[in-house]
Amino acid sequence: MGLWPVSYLRVVSTWFDRRLGLAIGIANGGIGLGAAILPPIITYVITNGSLQWAYVSLAVIVTVIVLPLNALFLHDAPTANAVRPAHDRAAASADFRRFVTTRSFVILATSFFLLGFVNTGLVTNQISLLIDGGATPQHAAVVQSVFGIAVLLGRFLTGSFSTMFLRSD
């Protein structure tokens, strides 16, 4: 769970105010980058080794690349540790309760839930479905990589558009 987007997007939000949407889009782009790079690597390991070696390879990638990068770069901005007084937290809680009951929030939450449901189903089953349909494992991995590139571009563009259209200044 330490690699889940909430953990690093919270940190990103402490560093950016003006272009937060773009920063979040770029940070989330790592998911697309991983989805573009990993399928061919893991397919190669499985076809030339075994499924067990694929899991070992993933563990090595996380241990040697991801964890050191997180240790170096994943920390809150120095000004992020300001603590709110208790009365501000109570007001924020009331505002939050009022916000989550709005029609806009319910529509957005439902939309993102359904999008995540479909996206997760696609990501976890696409390679198997392609292979069952007659594609080679290598071709299926390339298709999955193209999907990862589309995710990378989509996250970057979404961040860019949110920065352009949702300016608070």
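The values are calculated or read from the model by the stated rules, or taken from the named source; none is laboratory data. Not measured: the values here are computed from a predicted model. Cβ atoms come from the backbone with ideal geometry, glycine included; neighbour counts cover every protein chain shown. For the accessible areas, the whole protein counts, side chains as well, though only heavy atoms, and no ligand, DNA or RNA atoms are used. Shrake-Rupley method; radii C 1.70, N 1.55, O 1.52, S 1.80 Å.
Would it be correct to say that L38 is of a type in the set (A, V, I, L, M), open to solvent by 60 Å² or more (accessible area, probe 1.4 Å) and at pLDDT 85 or above? The answer is no for L38.
Which ones in region 103-134 are within 18 Å of the chain's Cα centre (by Cα) and open to solvent by 80 Å² or more (accessible area, probe 1.4 Å)? Those that are within 18 Å of the chain's Cα centre (by Cα) and open to solvent by 80 Å² or more (accessible area, probe 1.4 Å): L108, F112, F113, L114, L115, F117, V118, T120, T124.
Apart from one condition, L20 fits all of (1) modelled with pLDDT of 85 or more; (2) among the hydrophobic types (A, V, I, L, M, F, W, C); (3) over 23 Å from T136 (Cβ atoms); the exception is (1). Can S7 be described as small (G, A, S) and closer than 22 Å to S128 by Cβ? When the stated conditions are applied, S7 does not pass them. Checking each residue in region 3-62 for being of a type in the set (D, E, K, R) and in a helix (DSSP H, G or I) picks out only R10.
Please specify each residue of region 48-70 satisfying the condition of being touching a helix residue (DSSP H, G or I) at 6+ places or on another chain (Cβ under 6 Å) and either touching a residue at least 12 places away in the same chain (Cβ under 8 Å) or within 23 Å of F147 (Cα to Cα) (or both). A54, S57 - these are the residues of region 48-70 that are touching a helix residue (DSSP H, G or I) at 6+ places or on another chain (Cβ under 6 Å) and either touching a residue at least 12 places away in the same chain (Cβ under 8 Å) or within 23 Å of F147 (Cα to Cα) (or both).
If we scan region 135-153, do we find a residue that is surrounded by fewer than 12 Cβ atoms within 10 Å (Cβ to Cβ), part of a loop (DSSP other than H, G, I, E, B) and either at negative phi or in contact with a Cys (Cβ under 7 Å, 6 or more places away or on another chain) (or both)? Scanning region 135-153 turns up no residue that is surrounded by fewer than 12 Cβ atoms within 10 Å (Cβ to Cβ), part of a loop (DSSP other than H, G, I, E, B) and either at negative phi or in contact with a Cys (Cβ under 7 Å, 6 or more places away or on another chain) (or both).
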